[in-house]
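S.K.: Before we start, here is the structure in question, set down as structure tokens.
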Amino acid sequence: MTISETPDQAWLEELYEWLRIPSISADPAHAEDVQQAGRWLRDFVQHAGGEAEIRQTETSPLVVGEIPASSAANGAPTILLYGHFDVQPPAPLDLWESEPFEPEIRDGYIYARGAVDDKGNAYLLLKAAQLLASERALPVNVRVAFDGEEETGGHSIVEFLEGDERGADACIIFDSGMPREDVPAFDLGVRGIIYYHLRLQTGERDLHSGVFGGAALNAAHALMRTLDAVVSMPPELRAGVTEPTKEERASWDELDPGEAVLAEAGARAMDERAADEFYARTVAGPAVDVHGIAVGEPNFQKTVLPVAAEANVSIRLAPGQDVEEIDAAFQGLLRAATPAGADLGIERWASGPAGLIPPDSPAVRLAQGAFERVLGRRPLLLRSGGTLPIVPALADKGIPTILSGFALPGANMHSPNERLLARYVPLGVAAARETLVALAELPSD
């Protein structure tokens, strides 16, 4: 199948409208922007000939809608499309080479916050459904359910699914990517997450380090000792892991070596085994990361002994691990490691389970064939190291899922200069279109 690799300018302008909305769900100052991004999506579905509405939740909005199959014949399968219209904060702004919310093309890439995560990826799905509907060639009923809080670990989409009685015969999610250029992949698993905020107190007020240093508890020292109990990844935090199959491990051999992936990202290996164990660690195993620490005075010379410290820390859960079991172990390790005399407060800000997708489902096989016809290569079956709460929720409902996308390893998701290869816009739309057509072969419930 021959597809133009030059993106249609009208499509780009349409996508740019969405990308220009700074829908940062983590920042309350942008709550209205999240609503606006939801309205853009609602209007898109309506203009495609469907029905859609914004459903307000206690947190961020959901957009729910449907584009009916073009044929009046009964029994057309129902395909759910999921994505999210919120984005990560763009900071640090000084590292962006262009304005994060003013898209532009440089060296063949579309640069903007949300270019791949997830507005750019999701647009490919939406545009495919719109085109098929406009040609009266949409062979499936398309349901749309997008949320505005994926980047903050919200659960509104999961709660929607739990209460949804209609269901779907399959779900397509474009919120992932390729292991390298022109090598498509489907993710058969996602990791879960538990995200914490810690507050540690070691006294009533900051002290003069010349007078009290060596005798009084220092909150910075106490926090480091406390965090080391989980950063060291003891066995308690590895309980319940579903080990990857031989087939999955074999698929890793087709990917770039871990050393190359780290180098491409400008990262440094955390230990001598990290490169060799890259995929085992990042997609199939748990991982603890400290995301930020606030304590003392890091910028000016100030001989203070700090008595208050805060930190954000999370653990990514591997498929098979139980959220509550790991949460209990994690908090227990932190409290046991807290130095005597220090008071530790732990808040669990967000959590979501890991999930696995059956690789032998008809939906996955049909979608693999569709991608192969468009892209010339059958997608690899891998796992994602990220967290997507909807995946285990879909599994609980018995809905097979195609989780894929068009981000590349250098897409800079969650970092400055996020980018999508512009030629993947027409290719992605074509792949999504062919997948929707292929899924018409599914038996309808």
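The values are calculated or read from the model by the stated rules, or taken from the named source; none is laboratory data. None of these values were measured; they are calculated from a predicted model. Quick reminder, even Gly has a Cβ in these numbers, built from the backbone with ideal geometry, and neighbours come from all protein chains shown. With ligands, DNA and RNA removed, areas are computed over all heavy atoms of the protein, side chains included. Shrake-Rupley method; radii C 1.70, N 1.55, O 1.52, S 1.80 Å.
S.K.: Toward the positive end of the charge dipole of the range 248-389, about the Cα centre and with charges on Cβ (Lys, Arg +1; Asp, Glu -1), which of PRO286, GLN321, ILE357 goes farthest?
M.R.: Of the candidates, ILE357 comes out farthest on the positive side.
S.K.: Continuing with the same structure: Using alpha-carbon pairs under 8 Å, 6+ residues apart, how would you state the relative contact order of the range 293-399 in percent?
M.R.: On the way: 63 pairs, mean separation 24.6, N = 107.
Result for the range 293-399 is 23 percent.
S.K.: Just for the Cα atoms in the range 217-373, what are the lengths along the principal axes, largest first, rounded to whole Å?
M.R.: 65, 35, 26
S.K.: Give the lysines whose C-alpha is closer than 22 Å to that of LYS127, dropping any in the same chain fewer than 8 places away, or say none.
M.R.: Here the lysines satisfying the reach criterion relative to LYS127 are LYS119.
S.K.: Another one. Kirkwood Rh over alpha-carbon pairs of the range 378-441, then Stokes-Einstein at 25 °C and 0.890 mPa s: what D in µm² s⁻¹, rounded to an integer?
M.R.: Working: Rh = 14.2 Å.
Taking Rh from Cα pairs, D becomes 173 µm²/s.
S.K.: While we're on this one: Suppose every K and R has +1 on its Cβ and every D and E has -1 on its Cβ; what is the size of the dipole of the range 209-287 about the Cα centre, in Debye to the nearest 20? Could you put the intermediate results ahead of the total?
M.R.: Details: 7 positive and 14 negative charges, 113 e Å.
Approximately 540 debye in magnitude.
S.K.: Quote the FRET efficiency, to the nearest 0.05, computed for ARG205 versus ASP253 with a Förster distance R0 of 56 Å and r equal to the Cβ-Cβ distance. List each step's numbers first, then the result.
M.R.: Numbers: r = 58 Å, r/R0 = 1.03.
That pair, ARG205 with ASP253, gives E of 0.45.
S.K.: What percent does the relative contact order of the range 164-299 come to when contacts are Cα pairs within less than 8 Å and at least six residues apart? Intermediate values should be presented prior to the final figure.
M.R.: Values: 57 pairs, mean separation 35.3, N = 136.
Averaging sequence separation for qualifying contacts and normalising by length gives 26 percent for the range 164-299.
S.K.: List the residues whose amide H sits under 5 Å from the amide H of TYR109, counting only those 5 or more places along or on another chain, with H placed 1.01 Å from N in the peptide plane.
M.R.: It is ALA422, by chain and number.
S.K.: Working from Cα positions, state the angle (0 to 90°, nearest 10) between the long axis of helix 323-337 and the longest principal axis of the chain.
M.R.: Once rounded, the angle reads 20 degrees.
S.K.: If you don't mind, another one. Relative to the longest principal axis of the chain, what angle (0 to 90°, nearest 10) does the C-alpha long axis of helix 31-47 take?
M.R.: Tilt of helix 31-47: around 10 degrees.
S.K.: Another question about this same structure. Quick one: which residues, 5+ away or cross-chain, put their amide H under 5 Å from the amide H of CYS171? H built at 1.01 Å from N.
M.R.: The answer is LEU80, THR401, ILE402.
S.K.: Just to be sure I understand: of the beta bridges DSSP finds with both ends in the chain, what percent are antiparallel, rounded to 5? Walk me through the numbers on the way to the answer.
M.R.: Numbers: 49 of 69 bridges.
For the chain, the DSSP antiparallel bridge percentage is about 70.
S.K.: Let me ask another. Against the longest principal axis of the chain, how steep is helix 219-231, in degrees 0 to 90 to the nearest 10, with axes from Cα atoms?
M.R.: 50 degrees
S.K.: For every helix of n ≥ 4 consecutive DSSP H residues, a contribution of -39,500 (n - 2.57) applies; sum these over the chain, divide by its total residues, and give [θ] at 222 nm rounded to the nearest 500 deg cm²/dmol. Walk me through the intermediate numbers first.
M.R.: Details: 13 runs with 139 residues, N = 445.
The helix-only estimate for the chain comes to -9500 deg cm²/dmol at 222 nm.
S.K.: Continuing with this model, one more query. Order of 138-147, 298-307, 112-121 by packing, highest average Cβ count within 10 Å first? Don't skip to the answer; put the middle values down first.
M.R.: Details: 138-147: 24.8, 298-307: 13.3, 112-121: 28.6.
Final packing ranking: 112-121, 138-147, 298-307.
S.K.: Additional query: Give me the mean projected area, in nm² to one decimal, of the convex hull enclosing the Cα positions of the chain. Could the numbers behind the result be given before it?
M.R.: Working: hull surface 90.0 nm².
Computing the convex hull of the Cα atoms and averaging its projections yields 22.5 nm².
S.K.: In what sequence, highest mean first, do 256-263, 31-38, 179-186 appear when ranked by Cβ atoms within 10 angstrom?
M.R.: On the way: 256-263: 15.8, 31-38: 20.5, 179-186: 17.9.
Ranking the peptides 256-263, 31-38, 179-186 by packing returns 31-38, 179-186, 256-263.
S.K.: Shifting gears a bit: How many angstrom separate the Cα center of the range 1-33 from the Cα center of the range 226-268?
M.R.: The range 1-33 and the range 226-268 have Cα centres spaced 32 Å from each other.
S.K.: Now, a different point. With every protein chain kept in place and ligands, DNA and RNA left out, what is the accessible area per residue of the chain? Probe 1.4 Å, answer in Å².
M.R.: On the way: 19800 Å² over 445 residues.
With all protein chains present, the chain gives 44 Å² per residue.
S.K.: Accessible area, 1.4 Å probe, largest first: how do HIS30, HIS84, HIS155 sort? Write out the running numbers ahead of the final one.
M.R.: On the way: HIS30 45, HIS84 0, HIS155 65 Å².
Ranked list, largest accessible area first: HIS155, HIS30, HIS84.
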